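Written out below as structure tokens is the structure these notes cover.
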Amino acid sequence: MTFSDITIHAMAERVITYTGYMARWQPDARERLERAAFDLFVEQGFASTTVPQIAARAGLSTRTFFRHFADKRDALFADEHAVPDQAGRIVAEAPDGITPLQIVASGFDAVAAAQFSREKSYYIARHQIIQSDDGLRERQLHTQAALVEALRSGFVQRGSDPVDALLAAHLTATVFSVSIGRWLSAESTEPLATLLRDTFDRMLRTAAS
């Protein structure tokens, strides 16, 4: 833990030393809590990990944890809006005159590079943590639903028919889900962006057959 000693000189006769917990002022507290939570989830399982343990591992207080996260699940899903937000931006910034699925296909490399930039082993471990708990699996479904809504809304704002927009959004979310599953499998050696494009092409062929 990181402590700071504050010394108060009282009436020049005695010195009062107060050892106060100052880690909450450190700007990287949120990142430290995320790392601590993830490490503990890997080491001892999600169900066996408590918020006080996470805070202690990060060298912070439990109160500081709750300044950043509502519960320990939030520490694992701290970036859950990143993919939906980026997908929404890609749709909004796409040139006029192209279809929703063409927009999606053009954004695979950008999403893979920005949102899956860590070592693959991290995402494998995270997937295993999520699969170990019903509540985490449900939270993952909410994240997928947020991606669908971001895409659907963006397509509609560009003038797409609402039903077409919804179908395109669901197809895109399915492509992402299937591609990530393929990427995380033990036998996979292809980059995620390659698998996204391959899964997308397979989806188009299946729909046309």
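For (1) closer than 30 Å to G45 by Cα; (2) surrounded by 13 or more Cβ atoms within 10 Å (Cβ to Cβ); (3) hydrophobic (A, V, I, L, M, F, W, C), each residue gets a yes or a no:
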{"site": "Q86", "(1), (2), (3)": "no, yes, no"}
{"site": "L101", "(1), (2), (3)": "no, yes, yes"}
{"site": "V111", "(1), (2), (3)": "yes, yes, yes"}
{"site": "K120", "(1), (2), (3)": "yes, yes, no"}
All conditions in (1) in contact with a Gly (Cβ under 9 Å, 6 or more places away or on another chain); (2) surrounded by fewer than 16 Cβ atoms within 10 Å (Cβ to Cβ); (3) of a type outside the set (G, A, S) are true of D164 except (1)
In region 60-83, residues that are among the aliphatic types (A, V, I, L, M), part of a helix (DSSP H, G or I) and at pLDDT 95 or above total 2
Being hydrophobic (A, V, I, L, M, F, W, C) and not in a helix (DSSP H, G or I), is that true of even one residue in region 49-59?
no
L171: closer than 16 Å to S106 by Cα, assigned to a helix (DSSP H, G or I) and either out of contact with any Lys or Arg (no Cβ under 6 Å at 6 or more places or on another chain) or among the charged types (D, E, K, R) (or both), yes or no?
yes
Determine which member of the set T62, T49 is surrounded by 19 or more Cβ atoms within 10 Å (Cβ to Cβ) and of a type in the set (S, T, N, Q).
T49
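The values are calculated or read from the model by the stated rules, or taken from the named source; none is laboratory data. A quick note: this is a predicted structure, and the numbers were derived from the prediction, not measured. Heads up, the Cβs are rebuilt from the backbone with ideal geometry, glycines too, and the neighbour counts pull from every protein chain shown.
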